[in-house]
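Contents: one structure, followed by commentary.
The values are calculated or read from the model by the stated rules, or taken from the named source; none is laboratory data. Keep in mind that this is a model prediction, so the values were computed, not measured. Cβ placement follows ideal geometry from the backbone for every residue including glycine, while neighbour counts extend to all protein chains displayed.
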Amino acid sequence: MSEFFDALETRAPAEREAALMAALARHVAHAQARSAAFAEILAGVDAAAVTSRAALARLPVTRKSELLARQQAARAAGGDAFGGFATVVRGAGMRRVYASPGPIYEPEGDAGDYWRTARALHAAGFRAGELAHNAFSYHMTPGAFIVEAGALALGCTVFPAGTGQTEQQLQAIAELRPDGYLGTPSFLRILIEKAQESGADIRSLRKAVVSGEACPPSLRDWFAQHGVAACQTYATADCGLIAYETTAREGLVLDEGVILEIVRPGTGDPLPEGEVGEIVVTVLNPVYPLVRFGTGDLSAVLPGACPTGRSNTRIRGWLGRADQTTKVRGMFVHPGQVAEVVKRFPEVARARLVVSGAMANDHMKWLIEAVSAPGLAERLADAVRDVTKLRGEVELVAPGSLPNDGKVIEDARSYQ
């Protein structure tokens, strides 16, 4: 049995990059021609010229809020429920439709492993002929189907357990003896704890692919202590698989069909390796050809390759949400406004807005990384008021002193 899913995982980084950039131009052209939404979003873009990351970075970021707004507008007008983003709307070429909170409707094409999760399951040790206990929800949202498609593509058999009914699930595990678990880490912990209480034999579960929630190292170690080797998978209903954990457990390796950027929250500006920012992906999926889609999740690129020999880029995993919009004195302040203040001053590297105080007594302090210069704090305060329409205190701090956590707005208020 090969440790790798295919030869793509170990190709030279330069070879991968050349293939992705060549595919990028074709993908942009396809999105313009077949997706009504991207025909508008990318109007005037010369697809043939989008063959580098620099060219990609000049295209607009489409965030989930815009995707929802376009879907809502189209539905209100009696039009396409997908808001013009899908290239197929029903019938041949579309197997299922799902609904995520919003609601946002997502299509599933007719490809066998449409969500590309077989790669992640293979990295976690799932193999043909094994039985997978799938405890993701089979109701409206695509979570269960995302991992089920990968398991079936590997040649596994799937038990569609769904959520809840803990006692019945423990009985099924004891009697069917599945090889692995698919589901949220919190429910896996519940199953293990309930099995200990009831004496149910679930020792057949030796591995797991968990997703949908954070799985900190402490919980992963707890699973290992109870005989389950758990690997995280980062996938979304819009994008399918984005990145997956390997047995090395040193970050998450990018899927081969994804072009990833880490951008400064509230902007489309790429950040250097190691900086925490928003995950923006271009997914080479012809049915749902997302170009520079902002996931709203924070992460950072890790240096070097995975110890398993997989050569693709690694990310640190989920580090929080990028949309840190908050309301101050009755007015919304969002990350894009913080970025706008920074852009006005070339001498400023980074900024962080800290909102503190008790309820109804908001205090804004702007921590600005910059070398002190005469009048700079005053000019920054004027820019803050111009951009946000709110007064705020400005404090200059040494370059490099702000935490590298992707946070540009920190809500430190007391709500007690």
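Condition (residue is of a type in the set (Lys, Arg) and assigned to a strand (DSSP E or B)) applied to the range 317-324: is it met by at least one residue? I'd like the intermediate steps shown before the answer.
Taking the range 317-324 first, the residues of a type in the set (Lys, Arg) are 321.
Now restrict to residues that are assigned to a strand (DSSP E or B): 321.
Yes.
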Where the second residue is small (Gly, Ala, Ser) and not in a helix (DSSP H, G or I) and the first is without any contact (Cβ under 8 Å) to a residue 60 or more places away in the chain and crowded, with 17+ Cβ neighbours inside 10 Å and lies in the range 368-380, which pairs have Cβ atoms under 8 Å and are six or more apart or on separate chains? Ile368/Ala351; Glu369/Ala349; Glu369/Ala351; Glu369/Ala398; Glu369/Gly400; Glu369/Ser401; Ala370/Ala349; Leu376/Ala370
With respect to the numbered conditions (1) surrounded by 15 or more Cβ atoms within 10 Å (Cβ to Cβ); (2) of a type in the set (D, E, K, R); (3) modelled with pLDDT under 95, which one is the sole condition not fulfilled by Glu3? (1)
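Report those helices (runs of 4 or more DSSP H) wholly inside the range 31-97 carrying at least 2 residues which are touching a helix residue (DSSP H, G or I) at 6+ places or on another chain (Cβ under 6 Å) and of a type in the set (Gly, Ala, Ser).
Of the helices (runs of 4 or more DSSP H) lying wholly inside the range 31-97, those with at least 2 residues that are touching a helix residue (DSSP H, G or I) at 6+ places or on another chain (Cβ under 6 Å) and of a type in the set (Gly, Ala, Ser) span 36-41.
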Residue by residue through the range 312-322, note down the ones that are closer than 14 Å to Leu252 by Cβ and buried (at least 18 other Cβ atoms within 10 Å of the Cβ). Asn312, Thr313, Arg314, Ile315, Gly317, Trp318, Leu319
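Quickly run through the range 189-219 and pick out the residues that are farther than 22 Å from Ala144 by Cβ and out of contact with any helix residue (DSSP H, G or I) (no Cβ under 7 Å at 6 or more places or on another chain). Quick ask: steps written out before the conclusion?
Of all residues in the range 189-219, those farther than 22 Å from Ala144 by Cβ come to 193, 196-201, 203, 216-218.
Correct list: Glu193, Gln196, Glu197, Gly199, Arg203, Pro216, Pro217, Ser218.
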Would you check if Gly183 is surrounded by 23 or more Cβ atoms within 10 Å (Cβ to Cβ) and in contact with a strand residue (DSSP E or B) (Cβ under 8 Å, 6 or more places away or on another chain)? yes
Which number in (1) closer than 23 Å to Val158 by Cβ; (2) out of contact with any Lys or Arg (no Cβ under 7 Å at 6 or more places or on another chain); (3) surrounded by fewer than 21 Cβ atoms within 10 Å (Cβ to Cβ) marks the one condition that Cys215 misses? (3)
Filter the range 332-358 down to the residues that are more than 17 Å from Gly266 (Cα to Cα) and either in the same structural domain as Val210 (by TED's automatic domain parsing) or outside any loop (DSSP other than H, G, I, E, B) (or both), then identify the one that is nearest to the chain's Cα centre (by Cα). Val355
Across (1) surrounded by 15 or more Cβ atoms within 10 Å (Cβ to Cβ); (2) farther than 30 Å from Ala230 by Cβ, Ala49 clears everything bar (1)
Within the range 69-102, residues surrounded by fewer than 17 Cβ atoms within 10 Å (Cβ to Cβ), touching a residue at least 12 places away in the same chain (Cβ under 8 Å) and under 19 Å from the mean Cα position of the chain (by Cα) come out as Ala99, Gly102
Considering residues of the range 117-147 that are closer than 30 Å to Ala73 by Cβ and in contact (Cβ under 8 Å) with a residue 60 or more places away in the chain only, the residue surrounded by the fewest Cβ atoms within 10 Å (Cβ to Cβ): Thr141
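With the requirement that a residue be part of a helix (DSSP H, G or I), modelled with pLDDT of 95 or more and not aliphatic (A, V, I, L, M), what does the range 128-165 give you? Don't jump to the end; show me each part of the working.
First pass over the range 128-165, keeping only residues part of a helix (DSSP H, G or I): 143-154.
Checking the rest, the ones that are also modelled with pLDDT of 95 or more come to 144-154.
Residues satisfying the conditions are Phe145, Glu148, Gly150.
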Thr246: crowded, with 22+ Cβ neighbours inside 10 Å, over 27 Å from Met140 (Cβ atoms) and of a type in the set (S, T, N, Q), yes or no? yes
If I filter the range 375-391 down to residues being outside any helix (DSSP H, G or I) and at pLDDT below 90, which single residue comes out as farthest from Val355 (Cα to Cα)? Lys389
Out of everything in the range 249-289 that is touching a strand residue (DSSP E or B) at 6+ places or on another chain (Cβ under 8 Å) and of a type in the set (Ser, Thr, Tyr), what residue ends up being nearest to Leu8 (Cα to Cα)? Thr282
